[in-house]
Amino acid sequence: MTHPRTAIVTGAASGIGAATAGELAARGYRVACLDRNGPGVRAVAAGIGTQHVAIEVDVADETAVVAAFADAVKALGGLDALVTSAGVAEMTPFMDLDAATFRRVYDDNVIGTFLSIREAAKHMRSGGRICTVASVAGLRGGGLSGTAAYAASKGAVLALTKSAARALADRGIAVNSVAPGATMTPMIAHVFADVAHRRRVESMSVMNRAAQADEIARAIAFLVSPEASYVDGATLVADGGLCMY
């Protein structure tokens, strides 16, 4: 009897993380949904099936992350894949940013990603796959909705992904990243309420629209699947043709 593949998805209470948890569940994975929004993540896990689990955790809290990953792996019976979708958006204009805001964004977006990768790698066997969630803001330096702190943090996620790919290759663990463009999630709902801003951002894509979260989830599902067996240290840009790199 073949055992189902297993996955941990951080930031699973909403947006891309919730869509990814659902996509992986539909593909036969057992999923541990992690998020600091306890009620939200429990609702997502319950919504995708009784065999999935929810764990409340702040990914920037090192002690809590160590414990949460150990609990998740125990509940799943192993770990094949990790998706690091947990993160925050930040819209403060450049000249109004302070160091405390920068550090808060880095704690969630960069430190949280690093801790999740490190803890997942402790529990993965050869063949394990990790997908971080960056942003085209990290490639472009912003210019969409998120500004300096957000763009810099997502650029750091891209560099961290490559560093992790190098460090974990000897263990047989592949690490890649998806860099979405504007995606319809609760994280950007308030800024997209400004119709002129939404039109400006969407017009930057040759497809002239934002992504839906499930579109990004399918890209992530490919990167953590065995079908991506020779993809490592790569960034899949899913932006509707915005960057054209």
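Read-outs throughout are calculated quantities, based only on the coordinates presented, and are distinct from any laboratory measurement. Predicted model, so just to flag it, every value in this text is computed and none were measured. Positions of Cβ are backbone-derived with ideal geometry, glycine not excepted, and every protein chain shown enters the neighbour counts.
Take ASP107, project a point 7 Å from its Cα along the Cβ direction, then tell me which residues of segment 52-92 have their backbone nitrogen under 12 Å from it.
Correct set: 58-62.
Could you tell me the distance between the Cα centroids of segment 197-224 and segment 38-55, to the nearest Å?
Rounded to whole Å, the Cα centres lie 25 Å apart.
Tell me, VAL195, VAL136, VAL66, VAL237 in order of fewest to most beta-carbon neighbours within 10 Å?
On the way: VAL195 8, VAL136 27, VAL66 15, VAL237 21.
Taking fewest neighbouring Cβ atoms as first place, the list is VAL195, VAL66, VAL237, VAL136.
Which value in nm describes the separation of the simple spin-label points at ASP170 and ASP61, placed 7 Å from the Cα toward the beta carbon?
Result: 3.4 nm between the two label points.
Specify whether the C-alpha gyration tensor of segment 91-222 places it in the rounded, prolate or oblate class, a ≥ b ≥ c being the square roots of the eigenvalues: rounded for a/c under 1.5, otherwise prolate if a/b is larger than b/c and oblate if not.
Oblate.
If you take every residue apart from ASP61 with its C-beta less than 15 Å away from the C-beta of ASP61, what net charge results, scoring Lys and Arg +1 and Asp and Glu -1?
Around ASP61, the surrounding residues sum to -4.
If a helix is a whole DSSP H run, which ones in the chain reach 20 Å or further along their own axis (Cα) and hold a mean Kyte-Doolittle hydropathy of at least -1.0?
What comes out of the filter, once short or polar helices are dropped, is 62-76, 148-168.
Quick one: which of 223-235, 106-118 comes out on top by average Cβ neighbours within 10 Å, and what's the full order, highest first?
In descending order of packing, they fall as 106-118, 223-235.
First select every other residue whose beta carbon is under 11 angstrom from the beta carbon of ALA179; then total the charges, Lys and Arg +1, Asp and Glu -1.
+1
Just need the relative contact order of segment 6-237 here, percent rounded to a whole number, with Cα pairs under 8 Å and 6+ apart.
20
Between beta-carbons, use under 15 Å as the cut-off and find the net charge around ALA13, counting Lys and Arg +1, Asp and Glu -1.
-2
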